[in-house]
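Report on one structure; see the data block that follows.
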Amino acid sequence: MIKKLLTTLLVAGILLTPSVSFATTPHFQVDTGGTLTTNLQAYYKLEDTTDFWGTNNLTNNNSVTFVAGKVGNAANFVVASSQYLSLAAPLSTSVDNVSIFMWVYVPSTSEKGGFLMNGKQGSGVNDGYGIGIGGTTFDDTGNHLIGLVQNVAWMDFGTNIGTGWHFVGMIRNAGTWTGYIDNVAAATTYTSTPITPTSNFVVGAGLTFVNEYWNNKIDEVGFWNKALSTTEITDLYNSGNGQTMVVTTALAPMQVLWIGY
């Protein structure tokens with residue numbers, strides 16, 4: 001029947017071409033200005049260890065598992081098993097204008113441990129920068145749970161992050177660090193001399209101290225070689241719902257071609 005129909009159409013001078021599906025490049029679900037992929041270095045949905053944007057795939061150390069997270073799945077770390085994800089090199093050697101944002105699940109206001117990214121933290125170690133979360137035994141400032149580490153300096157956000165899922169991040173812009181909790185900039189900033197990161201990129205651990213490992217979930221980790229704008233940060237936060245990167249598959253319509261006779 002189909003063959004007969006096509007023969008009839010060709011005789012009449014009409015040729016039908018079938019519809020074709022094609023995939024777009026990875027993009028964010030919410031991106032007001034279409035700029036969130038500009039200078040994006042890597043994006044980890046943490047459904048697994050894959051870099052969804054680039055080729056900086058992570059290594060799974062000590063069997064990190066992937067469970068239900070903020071958006072889809074998330075990496076779930078167990079401190080007793082010394083679990084973390086890593087890249088055997090700095091993710092970026094940029095010394096200025098960088099941004100790191102992610103969702104973390106904080107199980108308690110006295111949680112010990114932390115996670116650092118693109119660097120380590122400790123006496124005499126000044127080879128990177130990152131985000132740290134911990135209790136009194138981690139940040140030495142009481143019950144403030146989140147801060148920044150860069151060039152062996154701790155920047156206290158000055159607020160208790162609370163339990164549950166939270167959107168956290170840091171921006172270095174022209175030498176000044178600013179921390180964010182749930183789309184709100186911290187009151188404190190820290191200005192530092194630029195350094196070139198030399199340590200491995202790490203998610204879920206700060207590998208200088210013993211037992212400096214995160215003990216819960218991390219999701220949707222993005223790293224940019226630029227200072228994100230307030231609009232871009234708001235888009236990532238997405239009214240507290242979070243978002244992720246996707247590849248959209250589109251279907252081109254069937255075409256009709258008049259070939260004449």
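Taken together, the values in this text are just the output of simple stated rules run on the coordinates, not laboratory data. The shown structure was predicted, so the numbers you read here are calculated from the model rather than taken from an experiment.
Fully extending the segment from SER239 to THR59 would add 61.6 nm, taking 0.36 nm per residue of separation and subtracting the current Cα-Cα distance. Across the range 231-246, computed HN-Hα scalar couplings (Karplus, 6.51 cos²θ - 1.76 cosθ + 1.60, θ = phi - 60°) run 5, 5, 5, 4, 5, 5, 5, 6, 6, x, 8, x, 7, 8, 9, 9 Hz from first to last residue, x flagging Gly and Pro.
A full extension of the chain between THR93 and ALA68 corresponds to an added length of 5.8 nm, given 0.36 nm per residue minus the alpha carbon distance. For ALA89, the residues whose modelled amide H falls within less than 5 Å of its own, excluding neighbours fewer than 5 places apart on the same chain, are PHE201.
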